[in-house]
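K.L.:
One structure is given below, represented as structure tokens, and several questions about it will come after.
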Amino acid sequence: PPMASRGAPAPVGGGLQELGEVGRSALGAASKADKLLAGSDLALALRESTGEAYSSLRRPWPGLLREVAASELPARVLERLGSAPADEVMQCACGVFPEIRRAWVTVDNNLYLWRFDARGGEHAPPVEYSEEQVICAVALVAPKRDPPVFPREVKHLLVLATPVEVVLLGVCVSAEHGLDELKLQALPLYAIPSDAVAMCCIK
């Protein structure tokens, strides 16, 4: 029988037959997948045109969040944000403290607190506080009451973390002219070094 020389191509008849069987198997699997996907959300989404921007959901999905009210940032905060040079990078954070009905923003080493539910002319200037270092994290906690550690007028404590230290501020709230007035009381005895650890979250 003839022998194939070194380097001669091997017969390809059997290879083509195997490839044909693989192709038929793949087509069969794809057909089954099409039947499974028919009428599903995924198939419908893939068939729809994606030429337009994703501005809204096409189907009525249940709303997880509901907008109750919206208000702009206080003018003082906007002024501080706009005062920085264009090439300067500022470190900012924001949040809400429902317990005292205040929204807060940090811009570098400055902290701003204001009423988020005030309407119309009820808006008062935000309460401001400054640290020597950049404020990395802010948290609101309840002071210990039994036995009492802080003065009675301190209803809550603000915890501020900087790259240098962690400090406590007393939060005093008093009602005047129908609105509660918030004041921050320094507590110099309650500060500890952070050992150059940048804390991004306080719990």
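The values are calculated or read from the model by the stated rules, or taken from the named source; none is laboratory data. No experiment lies behind these values; they were computed from the predicted model shown. Every residue, glycine as well, gets a Cβ built from its backbone with ideal geometry; the counts of neighbours run over all protein chains shown. These area figures cover heavy atoms from the full protein model, side chains too; ligands, DNA and RNA do not enter into them. Shrake-Rupley method; radii C 1.70, N 1.55, O 1.52, S 1.80 Å.
K.L.:
Taking the range 154-197 as the search range and keeping residues that are open to solvent by 30 Å² or more (accessible area, probe 1.4 Å), touching a strand residue (DSSP E or B) at 6+ places or on another chain (Cβ under 8 Å) and not in a strand (DSSP E or B), which one is modelled with the highest pLDDT?
P.N.:
Val164
K.L.:
Also, quick follow-up: With respect to Ala137, determine if the residue is under 23 Å from Ala191 (Cα atoms), modelled with pLDDT of 90 or more, touching a Cys at 6+ places or on another chain (Cβ under 8 Å) and of a type in the set (Gly, Ala, Ser).
P.N.:
yes
K.L.:
Which residues, counting only those in the range 92-134, are touching a Ser or Thr at 6+ places or on another chain (Cβ under 9 Å) and within 21 Å of Leu189 (Cβ to Cβ)?
P.N.:
Leu111, Glu131, Glu132, Gln133
K.L.:
Does any residue in the range 128-147 that is more than 15 Å from Ala93 (Cα to Cα) and of a type in the set (Gly, Ala, Ser) come within less than 9 Å, Cβ to Cβ, of a residue that is modelled with pLDDT under 90 and surrounded by 15 or more Cβ atoms within 10 Å (Cβ to Cβ) six or more places away or on a different chain, and which pairs are these?
P.N.:
Here the result reads Ala142/Lys155, each pair linking the range 128-147 to a residue that is modelled with pLDDT under 90 and surrounded by 15 or more Cβ atoms within 10 Å (Cβ to Cβ).
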